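The values are calculated or read from the model by the stated rules, or taken from the named source; none is laboratory data. No experiment lies behind these values; they were computed from the predicted model shown. We place every Cβ from the backbone using ideal geometry, glycine too, and count neighbours over all the protein chains shown. Heads up: the accessible areas ignore ligands, DNA and RNA and are worked out on the full protein's heavy atoms, side chains in. Shrake-Rupley method; radii C 1.70, N 1.55, O 1.52, S 1.80 Å.
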Amino acid sequence: MSLCLSMEGAAKSSRITSKPGICLLTETYYPVVGGGETQARGLAEDLVAHGFDVLVVTRRSSTTLGKIERIGGVTVRRTPPVGRGQFKRWIMVFSCLPVLLRRRRQYDLIYVSGFKALGLTGVVVGRLLRKHCLLKADSNGEMSGAFFDRGRRSLGLATNSA
């Protein structure tokens, strides 16, 4: 069953449209190119083509990217921190909160693409606002926790592996 079909009956807010709005929360989005970014863009544009309202909340990974853009019928809102760096995703855990809270009437479901950092934000905001939250693993070992082993070892913390 596709996400489009399964979401048909999920609308529960006072939105006027019959289909639920979807907030796609992802660390990076087009024009950044990679596997997760390509999947997120394909999903967002396919949902729009099927009549869903889609809001992408992502990080502004470059100063050349606008804070708000319309790409392929999808509204893209980019939050700080700007620039590259592996720890910036952890700052986005907090910097995306104002957008998610201000735009809460635009969506009924939070779809988190790659939940190693933003999953916590999606779940907390979903609980707070009584929205559905769907987490999608993007990296091998994300669900088992093995993805985090190297980082935990570097901090001197125990790992799940033997």
Relative to the present Cα-Cα distance, how much length would full extension add between Val82 and Ser62 at 0.36 nm per residue of separation?
6.6 nm
So the carbon and sulfur contribution to the accessible area of the stretch 12-134, 1.4 Å probe, in percent, is 56 percent
Per 0.36 nm of contour for each residue apart, how much would the distance between Arg153 and Glu69 grow if the chain were fully extended, relative to their Cα-Cα spacing?
26.3 nm
Residues whose placed amide H lies under 5 Å from that of Leu134, excluding near-sequence neighbours
Ile110, Tyr111, Val112
Ordering 97-104, 37-44, 67-74 by per-residue average of other C-beta atoms within 10 angstrom, highest first, gives 37-44, 97-104, 67-74
